[in-house]
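The values are calculated or read from the model by the stated rules, or taken from the named source; none is laboratory data. Note that the structure is a prediction, hence the values are computed from the model and not measured. With ideal geometry, Cβ positions are generated from the backbone for all residues, glycine too; neighbour counts draw on all protein chains shown. Accessible surface areas use protein heavy atoms only, side chains included; no ligands, DNA or RNA. Shrake-Rupley method; radii C 1.70, N 1.55, O 1.52, S 1.80 Å.
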Amino acid sequence: MKLYKISLALLMGLGTLTSCEDKLDVVNVNRQTATTFGQSASELEETVIAAYNHARMEGTYARVGYGYDLCRGDEVWNSSQQWYLPYDDLNTAIDNEMNQWVWRDWYYTINVCNFILSKFKDVDNNTLDTPMKYIKGQALFMRGLSYYNLAGYYQNPTLMLDYSDYSALETLYSPNNTYDEVFEQVEADLSEAMTLLPTRDLGGQWAQGRATKGAAAGYYARALMMRPNNSNFVKALEVLKGIISGQYGTYKLMANYGDNFREGSKYENNEESLFEIQYLDYGTQGTDDEWTPVNTSANATQGHAIESNFGPGDFGGWADLSASPWLYNLFKAERTTSGSLDPRLYWTIGTYEPEWEGFEYGNVCYNSPMKADEYIVTSNNYGGLPIAKWTNFRTGLYSNVVTGLHCGINLRMMRYSDVLLRAAECENELNGPTQQAIDWINQVRRRAGLADLNLADFGSKDKLFEQIANVERPKEFGCEFGRGFDLIRWGFFYSNDRIQQLKEHGAVNFWTKSNYENGTITYTPKDPVDYSSCSKSSYDTWKKGHEFIPIYQGILNANPNLVGNSANTSSDNAEYYTWTIHPVVDLSK
C-alpha cells in the first residue's frame, strides 16, 4: 500500500514555498494481500474452504454444471423444451452465454487452488508437517477435479498452474492445451494428492466431506479411463484394486441403496461415499441464492437447485429434466430374486408401482399419495417421468419443491459401487470376461437383490462391456452426473451403430393428460418408445463435435490466444479419439 507524503520547505529569507513528493511503502496490517495472507496453516485452511465453496456453485455442481452432463447422456431428456434445451439437443450456439458458466466457476476454483499451491513452491513434500501436507493435498485434488470437469466439458481448456501467471497479460492470456495435456495434468495432481492426504479412516472432518486419499485415488482412476488404452487400464485397475482392498481407506456398499440419496448426517458422508459435495440441510440455510461467485452473502442458502430442475411442475418444480423411457423400461426388464422390482428404480424415477406399497415411504410424491390410474409427469406440456434422485420426492420430508438453491441433499459424486464397476470394466478390457470381473459386478447386483451374472453367459469382452455400459451402470447411476463423460470415453459419438443406439435410448413421446383422457393419444409416459415414430430424440439434432460444450465466444474475444474446440467449429473428433470402440451387442442372444 502506497501512502503519499508532501514535504513542505519554507526557505527563510527567500519567502519562497516549494514542495517535493516522496513515496513510502507502508504495510497496512489490517488489510491482507495475496503476498501477506497464507503464511500459516490456519490461514491456508480458510483458503481450502473457499476452494470447496466454489465447487458447490451453479457452474460447478449446484445446477448447470451438473445438469449439462445429464442432458448429454441418454438417461435424461429435456421435458420443459426450454431451459437446457440446446444442451439436450447437443447443438448449442457458440454465443450462448450459458456456455461460460461452467468455465467461469471451475476457473474460480482453480484460482484459489493455485494461490494455495503458490505457498508450497519449491518446497519438498517430505519437509512438510502433517497439517500442511493435508492442505496441499486438498488443493491438488480440487485443482485436478476442476480440470477433470473442464476437459470433459470443453475438450481443450487452458492450463493455468502458477498463481503468478495472473499478474501479467502475456501469461494470463494463455493458449489452449490439448485434451491429452489437460488429463496428464489431472493425473499428476491427483496422484500427488494421493501421497499427501489421509484416508477417511482418520475420522473427524476427514470422514465428513473433505477430499481424502480414497477420493484422490478414485478420481485418478477416472481420469486414466478418460483416455482408454491398455496402459491406462493397467494403472487404473491397480488403483481400483487398492481401494477395494482398503489401501486408501475403508469403503463398502450401504445395505440400503436409498441411503445414498437422503439428507442428514445419518446418511451423508457414509461408508459408500468416496467424495461428495456438501450442502446444508434444508431448514438450516439462509435465504439468499448465490447464483454466481460474486453474489457472496453471509446469509447464503448453501443448497443446490438439482431438485428444482427435476421437480414436477404440479409440485412447484421447474419441470426441466426427466428420466428417459429407456431407463425406466430397463429397470422393469429384470426382477429381483424375490420377484419384486429393482429397489433402485424407487430412488431413481418417481412412478407409481404396486410393489412400492409398504416399501420405504410407499407410493408418494412429496408426501402426496400416488394413484395407480394417474400419471404424475414432470412437465404438463410435454410429460416426462420425474427424476427422484437428489430430490425429496421419496424422502417423506416435504410436501413440495422449494425452488432455488435450497435442496440440502449432498451430491455423492463418487460412490464405492463405481469403484467396483470400473474395476470390472478394466479387468474385462485387459483380460476379457473373467470370473473376477463378474464377481465385482455381482457385488453391486446383490445389493439390489438381483440374481448373479454367470461368466458362461459372456463369451466375449464386447458382450460383457455391453452389460456394464448399458445395463449395470445405467441402473446403478441412472440420472447421476457422469453418463456424458462415459459416452465420450467409450467413443459412442464416433461409431454409427453407437449413435443409432443413443438415438433409440433418447427417444421420447410427448404426453399431456388432456390428450390421454380424450383419446388423442393412447400410450402412457411409462411405455417403451419406438424410435421410428417418436416425438423426438435428442441425438437427432446432435452436431458433430457438440458432445463438448463450445468455448463461449465472449471468452475467445477476450483472450486472443484462445481458439475454439470441436463444438465451436462443429468438427468431427473421430480421428482424434482413436481408442477402441466396442460394437453394439444384442444381450438377448
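Cα convex hull of the chain: mean projected area in nm², to one decimal? Show your work: numbers first, answer last.
Details: hull surface 128.4 nm².
In nm², the orientation-averaged hull projection of the chain is 32.1.
Rounded to whole Å, give me the distance from the Cα center of region 253-316 to that of region 525-589. Spelled out, the Cα-based centre of one part sits 30 Å from the other. Close amide H pairs (under 5 Å, H built 1.01 Å from N) link GLY73 with GLY484, residues at least 5 positions away or on another chain. Label separation (ASP259 vs GLU271): 0.7 nm, computed from points 7 Å beyond Cα along the C-beta direction.
Amide H to amide H, which residues 5 or more places from GLY383 or on other chains are under 5 Å from it, using H placed in the peptide plane? Under 5 Å from the amide H of GLY383 lie the amide H atoms of TRP511, each far enough along the sequence or on another chain.
For LEU274, the residues 5 or more places off, or on other chains, whose built amide H falls under 5 Å of its own are MET414, ARG415, TYR416.
Listed values for region 387-394 are Karplus-derived 3J(HN,Hα) couplings in whole Hz (6.51 cos²θ - 1.76 cosθ + 1.60, θ = phi - 60°), namely 7, 8, 4, 6, 9, 9, 3, 10, and x replaces Gly and Pro.
Using alpha-carbon pairs under 8 Å, 6+ residues apart, how would you state the relative contact order of region 457-585 in percent?
Working: 111 pairs, mean separation 38.9, N = 129.
Across region 457-585, relative contact order equals 30 percent.
Going 7 Å from the Cα of GLN435 along its beta-carbon direction, which residues of region 452-478 have the amide nitrogen within less than 18 Å of the resulting point? 452-460, by backbone N distance to the label point.
Any chance you could run the full-extension gain for ASP527 through ASN91? It's 0.36 nm times the residue separation minus the Cα-Cα distance, nm to one decimal. Intermediate values should be presented prior to the final figure.
Values: separation 436, 0.36 × 436 = 156.96 nm, distance 2.76 nm.
Additional length available on full extension: 154.2 nm.
Computed in the context of the full set of protein chains, the accessible area of region 342-493 at 1.4 Å probe radius has 45% of its extent on carbon or sulfur.
Over all other residues within a Cβ to Cβ distance under 15 Å of GLY545, the charged ones net out to -1, with Lys and Arg as +1 and Asp and Glu as -1. Relative to one another, the C-alpha centroids of region 105-143 and region 231-248 are positioned 24 Å apart. Accessible-area rank, largest first, for LYS475, LYS544, LYS119: LYS544, LYS119, LYS475, with all protein chains present and a 1.4 angstrom probe. Local charge for GLN278 was computed over the other residues whose Cβ lies under 12 Å away, with Lys and Arg +1 and Asp and Glu -1, and equals -1.
Centre-to-centre separation between the Cα atoms of region 454-481 and those of region 343-405: 27 Å. For a modelled paramagnetic label at LYS543, 7 Å from Cα along Cα-to-Cβ, the residues of region 73-105 in reach, with backbone nitrogen under 15 Å, are 85-99. If you plug the beta carbon distance of ASN367 and ASP452 into 1/(1 + (r/R0)^6) with R0 = 45 Å, you get a FRET efficiency near 0.75. Given LYS389/LYS513; LYS503/LYS526; LYS235/LYS461; LYS213/LYS544; LYS389/LYS461, which pairs have Cα atoms separated by over 28 Å? Result: LYS213/LYS544; LYS389/LYS461 exceed 28 Å. Using R₀ = 41 Å, calculate the FRET efficiency as 1/(1 + (r/R₀)^6) where r is the Cβ-Cβ separation of LYS332 and LEU128; round to 0.05. About 0.15, to the nearest 0.05. Ligands, DNA and RNA are left out, and with a 1.4 angstrom probe the accessible area of the chain is 39 Å² per residue.
About the centre of its Cα atoms, region 85-239 shows a dipole size close to 620 debye [charges on the beta carbon of Lys, Arg (+1) and Asp, Glu (-1) only; nearest 20 debye]. Along region 263-275 the Karplus relation, 6.51 cos²θ - 1.76 cosθ + 1.60 evaluated at θ = phi - 60°, assigns HN-Hα couplings of 8, x, 5, 5, 10, 7, 6, 7, 6, 8, 8, 7, 7 Hz to successive residues, with x for each Gly and Pro.
Computed over neighbours whose Cβ is under 11 Å from that of VAL584, the net charge equals -3, Lys and Arg +1, Asp and Glu -1.
In this simple spin-label approximation, THR287 and THR35 carry label points 7 Å from Cα along the Cα→Cβ vector, and these lie 4.3 nm apart. Extending 7 Å from the Cα toward the beta-carbon at both SER588 and GLU43 defines two label points whose distance is 6.7 nm. Ranking GLY214, ALA333, GLY478 by Cα position along the charge dipole of the chain, where only Lys, Arg, Asp and Glu carry charges on their C-beta atoms, puts GLY214 farthest toward the positive end.
For an R0 of 25 angstrom, estimate the FRET efficiency from the Cβ-Cβ distance between ALA168 and VAL294 and round to the nearest 0.05. Don't skip to the end; give the middle numbers.
Values: r = 23 Å, r/R0 = 0.93.
For ALA168 and VAL294, the calculated efficiency is 0.60.
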